[in-house]
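A.B. asks: Dropping a structure here in structure tokens format, bear with me for questions.
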């Protein structure tokens with residue numbers, strides 16, 4: 001019987017747990033390049049032409065993976081299309097925010113939500129003289145995707161950073177948090193990514209592909225330390241922080257959201273249920289629970305439209321309160 | 001401590017194991033639509049204008065997922081970009097084969113291997129009058145991808161069928177095998193997909209999201225029955241069958257490939273090592289072991305080019321031998 005034992009004698013406080021997690025993580029490959037991009041992005045948004053610092057939000061999007069082998073063939077993944085994160089990014093840009101979009105490779109991109117899975121092959125045709133052209137039925141969405149994405153990137157309002165594993169995600173998130181500190185309460189974290197709860201610590205991971213053929217596979221996975229606590233209390237103590245709670249069981253959803261709000265000291269927790277998450281969410285704060293629904297009278301209206309309006313409004317109050 | 005126990009008293013023969021697997025699998029959603037497509041495809045390739053049956057290959061590509069929950073939030077995935085399957089499909093089409101491309105959603109598509117990850121956003125720009133155009137640096141590959149893909153599909157030589165889970169993959173593979181039976185030895189199975197070895201049987205799977213917060217997670221995963229045996233011996237007994245063996249440890253690779261050849265009665269096993277798989281493979285047959293390397297004197301040459309030449313040659317011998 002194969003066996004993978006991922007548990008060590010785990011340290012007890014969140015800070016120590018995270019320290020242990022980072023010490024055991026494989027080093028981030030392009031850390032220097034990411035830091036340079038972040039530095040430029042923050043500089044541009046700290047001193048724009050009008051002399052007033054921009055609001056910057058870090059939107060995380062898509063699911064993180066947990067490798068089961070160092071030369072990785074198998075991994076555990078969290079399902080997330082990236083729809084929430086990419087839609088929210090569009091509305092944040094519309095509201096005048098600059099956005100750092102920390103996304104899982106291959107997931108939904110801002111301005112691309114209405115496109116088919118494989119837009120290049122599905123939206124274009126080749127003509128008789130073998131030049132290519134957009135299918136008339138897709139022309140508008142294709143043009144919008146290309147134009148608005150280019151515009152946001154070229155004008156310096158959108159920085160996209162990809163990740164795959166939980167190790168990459170958390171290391172990049174920490175870099176972002178540290179680099180946004182100078183913006184104080186004007187910075188926001190909107191962590192919509194589906195982050196793995198369980199992982200195999202790198203140092204106890206098998207190097208080679210796990211062999212099948214000798215019966216069932218027993219695995220013991222360690223809990224990923226709760227990074228929200230460290231994000232809020234250590235990495236980004238002055239930023240406005242919004243986390244998400246997804247459940248499939250409505251009976252436990254609000255209780256879990258409330259617990260996350262208190263335990264991690266979040267400013268808002270967005271509670272959503274898997275099957276209705278595109279229709280409505282419940283925003284939980286210390287004072288209130290607000291149900292936010294998409295406008296069903298408008299074809300194609302998103303729940304992210306009213307959600308981001310609410311978030312921006314509460315962020316404004318937070319900034320004003322910090323100034324006072 | 002959470003616990004998921006995926007093991008029942010498993011039946012012992014391959015046939016009984018597979019029967020149990022299919023009985024416990026969630027039903028395939030679009031089975032009728034897939035069967036109609038296959039029927040049309042096989043009909044077109046059974047009686048073409050020249051009166052001679054076409055050769056048809058089913059290429060499987062990408063990795064299968066194993067859900068850990070019925071309302072799935074988490075799953076185990078097998079890493080596979082789909083590069084091998086999509087490249088091989090191109091060379092099979094070039095060699096005059098019709099191809100059923102059974103691929104994991106989101107993985108590499110035929111004719112798209114040279115494109116960046118997100119071709120629509122990365123290869124196109126918008127001009128001042130807000131019309132869109134291809135970046136000159138990507139013009140050739142974009143044009144080739146669109147034109148050749150459309151041509152193969154419109155002329156009826158390429159049928160693409162997507163899957164995500166191991167349940168979908170094996171159910172569609174069985175539909176394909178049954179529908180290709182009428183082609184006898186002219187049919188080939190080239191199963192390059194990275195198929196899960198371990199899974200949680202559907203009936204013993206938890207319905208809701210597994211809760212974190214109460215310590216480590218213990219999982220016991222059952223072995224996926226070895227479908228290659230049933231494919232070769234029951235579903236497609238007259239077809240030419242090629243399977244793949246990927247390992248990260250070269251010391252065990254050829255032994256494992258040999259074992260697969262004998263155990264599943266394959267006609268060929270393509271052995272590849274994770275780190276060198278784009279440079280060379282070793283083709284294992286009953287009589288020989290042939291190392292196939294890409295032509296390093298040609299920029300951009302693939303190992304799939306000589307590999308498919310060899311496969312086609314051996315398939316011809318197989319057909320001739322069957323006729324005799």
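A.B. asks: So, residue A:128, is that one touching a helix residue (DSSP H, G or I) at 6+ places or on another chain (Cβ under 8 Å), more than 7 Å from chain B (Cβ to nearest Cβ) and surrounded by fewer than 17 Cβ atoms within 10 Å (Cβ to Cβ) or not?
C.D. replies: no
A.B. asks: Okay, moving on. Going residue by residue through region B:298-309, is there one that turns out to be assigned to a helix (DSSP H, G or I), at pLDDT 95 or above and touching a strand residue (DSSP E or B) at 6+ places or on another chain (Cβ under 7 Å)? Let's see the steps before the verdict.
C.D. replies: Step one: filter region B:298-309 for residues assigned to a helix (DSSP H, G or I), giving B:304-309.
With at pLDDT 95 or above added as a condition, the list becomes B:304-309.
Restricting the remaining residues to those that are touching a strand residue (DSSP E or B) at 6+ places or on another chain (Cβ under 7 Å) gives B:306-307.
Yes - at least one qualifying residue is present in region B:298-309.
A.B. asks: Residue A:91: touching a residue at least 24 places away in the same chain (Cβ under 8 Å), out of contact with any strand residue (DSSP E or B) (no Cβ under 7 Å at 6 or more places or on another chain), more than 10 Å from every other protein chain (Cβ to nearest Cβ) and within 25 Å of residue A:274 (Cβ to Cβ), yes or no?
C.D. replies: So residue A:91 fits the description; yes.
A.B. asks: Of everything in region B:83-103, what is within 20 Å of residue B:247 (Cα to Cα) and either modelled with pLDDT under 90 or surrounded by fewer than 23 Cβ atoms within 10 Å (Cβ to Cβ) (or both)? Give them in sequence order.
C.D. replies: Across region B:83-103, the qualifying residue is only B:83.
A.B. asks: Could we say that residue B:107 is at the interface with chain A (Cβ under 10 Å from one of its Cβ atoms), under 23 Å from residue A:165 (Cβ atoms) and either within 14 Å of the chain's Cα centre (by Cα) or crowded, with 21+ Cβ neighbours inside 10 Å (or both) here?
C.D. replies: Yes; evaluated as a whole, the condition is true for this residue.
A.B. asks: Would you confirm, using the coordinates I've provided, whether residue A:116 is at pLDDT 95 or above and either within 20 Å of residue B:112 (Cβ to Cβ) or at the interface with chain B (Cβ under 9 Å from one of its Cβ atoms) (or both)?
C.D. replies: Answer is no for this residue.
A.B. asks: Sticking with this one: Criterion first (more than 8 Å from every other protein chain (Cβ to nearest Cβ), surrounded by fewer than 22 Cβ atoms within 10 Å (Cβ to Cβ) and at positive phi) does residue B:215 satisfy it?
C.D. replies: Criteria not met by residue B:215.
A.B. asks: Within 30 Å of residue A:19 (Cα to Cα), within 17 Å of the chain's Cα centre (by Cα) and surrounded by 16 or more Cβ atoms within 10 Å (Cβ to Cβ): does that describe residue A:232?
C.D. replies: Yes, satisfied.
A.B. asks: So, in region A:131-152, of the ones that are free of Cβ contacts under 8 Å to residues at least 12 places away in the same chain and more than 10 Å from chain B (Cβ to nearest Cβ), which residue ends up nearest to residue B:124 (Cα to Cα)?
C.D. replies: Selected residue: A:140.
A.B. asks: Output yes when any residue across region B:189-202 is out of contact with any strand residue (DSSP E or B) (no Cβ under 9 Å at 6 or more places or on another chain) and more than 8 Å from chain A (Cβ to nearest Cβ), and no when none is.
C.D. replies: Of all residues in region B:189-202, those out of contact with any strand residue (DSSP E or B) (no Cβ under 9 Å at 6 or more places or on another chain) come to none.
No, the conditions are met nowhere in region B:189-202.
A.B. asks: May I pose another question? Could you list all residues from region A:59-82 that are facing chain B (nearest Cβ under 7 Å), in a loop (DSSP other than H, G, I, E, B) and surrounded by 21 or more Cβ atoms within 10 Å (Cβ to Cβ)?
C.D. replies: A:73 - this is the single residue of region A:59-82 that is facing chain B (nearest Cβ under 7 Å), in a loop (DSSP other than H, G, I, E, B) and surrounded by 21 or more Cβ atoms within 10 Å (Cβ to Cβ).
A.B. asks: Just give me the residues in region B:233-246 being more than 18 Å from residue B:60 (Cα to Cα) and in contact with a strand residue (DSSP E or B) (Cβ under 9 Å, 6 or more places away or on another chain), in sequence order.
C.D. replies: B:238
A.B. asks: Moving on. Could you list, in sequence order, the residues of region B:224-248 that are without any contact (Cβ under 8 Å) to a residue 40 or more places away in the chain and within 11 Å of chain A (Cβ to nearest Cβ)?
C.D. replies: B:245, B:247, B:248
A.B. asks: Collect the residues in region A:254-273 that are buried (at least 19 other Cβ atoms within 10 Å of the Cβ), under 15 Å from residue A:227 (Cα atoms) and touching a helix residue (DSSP H, G or I) at 6+ places or on another chain (Cβ under 6 Å), keeping them in residue-number order.
C.D. replies: Those that are buried (at least 19 other Cβ atoms within 10 Å of the Cβ), under 15 Å from residue A:227 (Cα atoms) and touching a helix residue (DSSP H, G or I) at 6+ places or on another chain (Cβ under 6 Å): A:264, A:269.
The values are calculated or read from the model by the stated rules, or taken from the named source; none is laboratory data. Since we're looking at a predicted model, the values are computed, not measured. As a convention, Cβ positions derive from the backbone with ideal geometry for all residues, glycine included, and neighbour counts pool all protein chains shown.
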